[in-house]
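First up is the structure itself, then whatever we jot down about it.
Coordinate-derived values only; no laboratory data. Just so we're clear, the structure is a prediction, and the values are computed from it rather than from any experiment. When we count neighbours, we look across all protein chains shown, and the Cβ atoms used for this are built from the backbone with ideal geometry, even at glycine.
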Amino acid sequence: MRTTKQLSITLPNDMADALKERVASGAYASESEVVRDGLRALFAREEAVETWLRNEVTASYDELRADPSRAIGSEDMRAQLAEAHRQRLAESGS
């Protein structure tokens, strides 16, 4: 029984060129390897997002539902984020 399936795909020229460049550089043995590696990265990213949503976002949502007084408005959130950004810029010397 075969464990692979051959597909035909169409890519924009710039993506096709980038794929061929990776093979030509020796980083990959074939175009299929590049695509498989890209799909593995995509699946890993999707799984990381799903895990984050399940573990962190859901817990935060549940905490907020349990105690709505902890909520802040969008303007306050923007101000807090802007301040955090300013502090990080100051720390990095930018």
Given (1) surrounded by 12 or more Cβ atoms within 10 Å (Cβ to Cβ); (2) under 23 Å from the mean Cα position of the chain (by Cα); (3) among the hydrophobic types (A, V, I, L, M, F, W, C), Leu42 misses just (1)
If you go through Leu42, Leu64, Leu53, Leu89, the only one that is within 30 Å of Arg22 (Cα to Cα) and of a type in the set (A, V, I, L, M) is Leu42
Scanning the stretch 50-71 residue by residue, the ones that are aliphatic (A, V, I, L, M) and exposed (fewer than 11 other Cβ atoms within 10 Å of the Cβ) total 3
Reported set for the stretch 1-52 where residues are in a loop (DSSP other than H, G, I, E, B) and hydrophobic (A, V, I, L, M, F, W, C) is Met1, Leu7, Ile9, Leu11, Ala27, Ala29
